[in-house]
Each structure stands twice: as C-alpha cells, then as structure tokens.
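Here the structure is laid out as structure tokens; the discussion comes afterwards.
The values are calculated or read from the model by the stated rules, or taken from the named source; none is laboratory data. Keep in mind that this is a model prediction, so the values were computed, not measured. Don't worry about glycine lacking a Cβ; one is built from the backbone with ideal geometry, like all the others, and counts go over all protein chains shown. For accessibility, only protein heavy atoms count, side chains too; no ligands or nucleic acids. Shrake-Rupley method; radii C 1.70, N 1.55, O 1.52, S 1.80 Å.
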Amino acid sequence: MDIINFHQQQIEQLEMKRNEILSMADELPDAAFYIFQINAQIRDAMMRGDRLKTEFSPRKCNQCKQSIKEEITDKIQSKLNICSRCLQTIRGVVTNAEIEERLKLKNGTVKNDINYKLKPLVGTSLIRKSNKIWLIHKSVTDMFYNANFNKNEVRLNWIGEMEERVESLRKRKEILTGMKDSLNGAILQLFSLDSQIKDFEDRLSIVTGDRYPFRCSLCKGWVKGSDKPLLLQETTICHHCSHTMEQVKTFGEIEEILGLRNARIHKDKDKGVLEPYLNSKLLWKSGSIWLFHLNAARLHYKPEDLKPEEPAYNAIPTSLMERSKAIYQKIQEEKNSTANG
C-alpha cells in the first residue's frame, strides 16, 4: 500500500468512527467535542494526503499564498497575482442594501440584524463599516438568511465558550486560593478546579489548530499553528481570506488611505479611466455604492498621484486689518508684474 492510499484508508476509518458517535450522540454527553476532534483528525489526514499530491507551480496568489494552477488571462489580475478563489472572495463583499434587494427584505432589516442578532460578527472581516457603509460577506447571508437561521443570535463558535469557561475557572481558583486558610474543604475544591482547567486546556489545544489543522471554506487552504481562523457554524475563514475581504473598501475610504483628493476616484470612474478594473472584477457596484479593492487602487494610483491638493486661497480675510493688508499686497504684486513685463 502506498502512502497516499494509507491516508485515504485512515480517512475512511475515521469517518466510520464519526458516524458511530453520531448514532449515539444522545447518549454521549461530550459527543460534540468528540465529533469535532475526529473531524480535526480527518482534516489532518486530508492535509497530509494533499501535500503529497501537490503539483509545483511557480506562481503564488498574493492574497491566499497558494499556488495558482489556472492561467490568468486578465492583465490586472495577472499583475496582482490574484487566483480565482480569492476573486470570488473579493466579489462576495456587498452592502446591506444589496442583500435586502437580493433577498427581497424590508429596508433596514439587515441593519437592524447587525445591531442585534449579527452583533457578534461586527468588527470582523465578515461585517464591518467602510466610511459609514456596512459591508457584509455573502457567507453570512448564506448561513444567516438562506439557511433560515435568523431566529437566534449568531454565536461565533463554541470554542469561544470553552475559552470563557477556562477564564471563569481561573478566576474562581484565584479567589479560592486567597481564602483557602479560612475555608473548609478549599484544598479539595482547588484540586477539582485544577483538573477542570487542565481538561479544558487540553481540549482547546486539540480544537484550536495547535495540534490539528483547519481548512478554509473560501480558499481551501490549510491553517495550522498560531493563526487561528474565524469559526462560524460550519464556515471556517483563514486570516488570509479575512485580510482579502478587509481590502474591499468604498471610494471614500480608499481616498483617505492613499491621500487622494476628495471624489477623485468617482471622477476617474465617470471619465472611463477605471474601465479595466471593472472588466477585471476588482471594481463593482453594490446597491448604490461603488466598491474597489485596495491593491487594485494602489496599482492604478502611482506615487505622483498621492500628493495632497493645494489649499484654496482665502480671498476674504475676516479681520479688517488683514483685508487691507491683502489688498495692498495684491496691488503691489500686480504693479511688480506689470513693471517686469
């Protein structure tokens, strides 16, 4: 048996074990954890098998850092080295107005959900503001609206609950340690708390990627080590894809970042200067708002375009003395220019 078939056989055995636990889920109090652990072992075997089958490619995507196997025909996408997976992630960022229009929701529904049911996601790459405009990734809409999940508040993951539990146990231990001399049975309780803390820490080390990998649902890349992905129900988003989403911005925010004059990008778009970026799918309209990828904007606006606009001349000073002085200086300048001419 070759090593690739060995990994495949290992995956099949783990899947059989997972199905067995699923059939007894009601009888096992920790069934969710064991299923998560087996899924992690399956991903580990898949990652090892994938690495053995990986074909060499000289090009890597600047966004997800994975090999680009397909041919990139678009010139701008080729310059930026963006793969088709990341392009799909980029175009998945939309405004709340587009979601309401697409799903035929009442105006303000998504904004209301952001303030309540979707609030745990605010500030992540999935839901954020760009110059007062809410930007949301379609993975949220697929899970929250299309899956009819909108009856309950979204929770990031039960791993976060485990981390909160560990922190709570540590605080209890700290309080109990200060009272152990005056409290009967404190030593036994401290021993119990130590055991619980160690149990949760061991479980966290298994499910948070320190021992086993995660696979990003968007770019299909493997995540292992200190870079914990964003876990949301069945969706896993790596830090590369999170960064890719965060680079999608409104014109106003890009102008602030690059030091461009106000409304500069809008004017260039209206003149047709940015037509190639429309064709490359890195510039698009969501609802009534135009969105642009930051790397594409940096490619177009060269350093000489980043100079700040000259301040406007203050023609009418507020002070009478200053006004008289300005008029006198202007007359003198006109006399000098006439004399030199």
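You can think of it this way: the chain between PHE6 and ILE175 has 55.8 nm of extra reach, that is 0.36 nm per residue less the Cα-Cα gap. Taking 7 Å steps out from each Cα toward its Cβ at ALA263 and GLU246 produces label points 3.2 nm apart.
Per residue, the range 42-111 exposes 61 Å² of solvent-accessible protein surface, assessed with a 1.4 angstrom probe and all protein chains in place. Give the calculated FRET efficiency between LYS330 and GLU256 to the nearest 0.05, with a Förster radius of 45 Å applied to their Cβ-Cβ distance. With R0 = 45 Å, the Cβ-Cβ based efficiency is 0.80. Scaled against the 2.2 N^0.38 Å expected of a compact globular protein of N residues, the Cα radius of gyration of the range 67-121 reads 1.65.
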